[in-house]
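**Q** Below you'll find the structure I mean.
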Amino acid sequence: MPLVLTHGYPWSFWDYRKVIGPLTDPAAYGGDPADAFHVVVPSLPGYCFSAPLRPRGFSVRQVAALWVRLMRDTLGYERFGAAGGDWGSVVSIVLGHEHPDALHGVYVTLPNFSPALRNRFDPFTRADLGPEERDWYESTYRHKLRDGQTYQPPTGPNFHAPHTEAYAGVDSPLATRGALQRTSPPTPPAPGRSPA
């Protein structure tokens, strides 16, 4: 079965490196070969290892539609699975809601439906939510929202200018290494070797 894995910020496809082998060749890891996936791990537009974006603000809905084009039109898969973490969870959730005919299923490590069903760059109030959404949202975020507070879009640079690292990565492998090193936990030295 084809499977698209979507990373989050500030990560990249590299962070899926340890699961690609077990997913594509389960027999090598003691599993059943029939459980193998065709794994596709694209870079989020504007993030590290992608081409720089020309327009600012590429929404999760646009990414979800792009993944459907990639998997169906470019790679020829009629249906596929979607999985992700962080922003990849939001993209996978939107895939499930807006493109169910293209999917076998969705797996996410960060379930968060309210912003996923709305464009993350557009503010909404609790009054905009349906009764079940509002109950879930208020019980989940009751310690984070004051009475009457509305959801506001994130203002961090990763939400409005993620392409900054993409520009650096296209121009300089050293800049890419620096971005990954800044956001990844240190790797312990191999046994018998001293840290560099």
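**Q** Pairs please, first residue from the stretch 95-107 and in the same structural domain as R61 (by TED's automatic domain parsing), second anywhere and among the charged types (D, E, K, R), Cβ atoms under 7 Å, 6+ apart in sequence or on different chains.
**A** Every condition considered, the pairs that remain are E98/R61; A102/R72; A102/R79; L103/R79; H104/R79.
**Q** Return only the number of the condition from (1) surrounded by 16 or more Cβ atoms within 10 Å (Cβ to Cβ); (2) within 16 Å of T109 (Cβ to Cβ) that A64 does not satisfy.
**A** Of everything listed in (1) surrounded by 16 or more Cβ atoms within 10 Å (Cβ to Cβ); (2) within 16 Å of T109 (Cβ to Cβ), A64 misses just condition (2).
**Q** One residue is enough: does the stretch 84-107 have a residue meeting the conditions more than 26 Å from E138 (Cβ to Cβ) and of a type in the set (S, T, N, Q)?
**A** No, every residue in the stretch 84-107 fails to be more than 26 Å from E138 (Cβ to Cβ) and of a type in the set (S, T, N, Q).
**Q** Could you check how many residues of the stretch 99-128 are at pLDDT 90 or above and assigned to a helix (DSSP H, G or I)?
**A** Matching residues across the stretch 99-128 total 3.
**Q** From (1) without any contact (Cβ under 8 Å) to a residue 60 or more places away in the chain; (2) surrounded by 13 or more Cβ atoms within 10 Å (Cβ to Cβ), pick out the condition that doesn't hold for P52.
**A** (1)
The values are calculated or read from the model by the stated rules, or taken from the named source; none is laboratory data. Quick caveat, the model's predicted, so the values are computed rather than measured. With ideal geometry, Cβ positions are generated from the backbone for all residues, glycine too; neighbour counts draw on all protein chains shown.
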